[in-house]
Amino acid sequence: MYPTKKLWEVCEILDNKRIPISSKEREKRIANKGILYPYYWATQQNWFIDDYIFDEELVLLWEDGVDFLNPKKTKAYLISGKTWVNNHAHILKWLDGILNNTFLLHFLNIFDYFWIVSGTTRLKLNQSAMKNIPIPLPPLSTQKLIVEKLDVIFSEIEKSKNLLE
């Protein structure tokens, strides 16, 4: 068994840097622009925008709009480069030397959110609940080995899916 820390102890939470923009404003901003940057919403990159807020690799964790209780659903994903994130995704930057970014990503995608999400018609992961997610902390070398094995397994699963289709 590995020691655990709360998410807020191993990640910088950058939610205060999120900037929501209405679709009308975004359309106005991108009209006749040459260079556009990915604009991330709750569950994925939805659009493009004429500016960026971040220029680094980050983990986005859905705040709402996902079936948190379905173990097959992706709840977190990595982004990198020049990007814009609105207010429907939590933005996490892992602390170097403590946590591997892809280990964090995989863990957040398998974590059981049953006891920490709220809402009756649409489940929501609020920031105070998210901050207290317990993150297991094996040594970095072990985290990297876990990630390597999971990457191989996920690659094989994807190949099998493609063959079935």
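The values are calculated or read from the model by the stated rules, or taken from the named source; none is laboratory data. Computed from a predicted structure; not experimentally measured. With ideal geometry, Cβ positions are generated from the backbone for all residues, glycine too; neighbour counts draw on all protein chains shown. These accessible areas exclude ligands, DNA and RNA; they are computed on the full protein's heavy atoms, side chains included. Shrake-Rupley method; radii C 1.70, N 1.55, O 1.52, S 1.80 Å.
Some observations on this one:
- Which listed residue, of Leu14, Leu36, is among the aliphatic types (A, V, I, L, M) and over 29 Å from Ser128 (Cβ atoms): Leu36
- Unique match (being out of contact with any helix residue (DSSP H, G or I) (no Cβ under 9 Å at 6 or more places or on another chain), open to solvent by 80 Å² or more (accessible area, probe 1.4 Å) and assigned to a helix (DSSP H, G or I)) among Lys33, Lys24, Lys5: Lys24
- Among the residues making up the range 101-149, those that are of a type in the set (Phe, Trp, Tyr) and outside any helix (DSSP H, G or I) are Phe111, Tyr113, Phe114, Trp115.
- Search result, residues across the range 73-117 that are in contact with a Pro (Cβ under 6 Å, 6 or more places away or on another chain) and open to solvent by 30 Å² or more (accessible area, probe 1.4 Å): Asn87
- Leu61 vs. criteria surrounded by 15 or more Cβ atoms within 10 Å (Cβ to Cβ), in contact with a Lys or Arg (Cβ under 7 Å, 6 or more places away or on another chain) and not in a helix (DSSP H, G or I): yes
- Residues considered: Asn70, Asn46. Of these, the only one that is open to solvent by less than 70 Å² (accessible area, probe 1.4 Å) and outside any loop (DSSP other than H, G, I, E, B) is Asn46.
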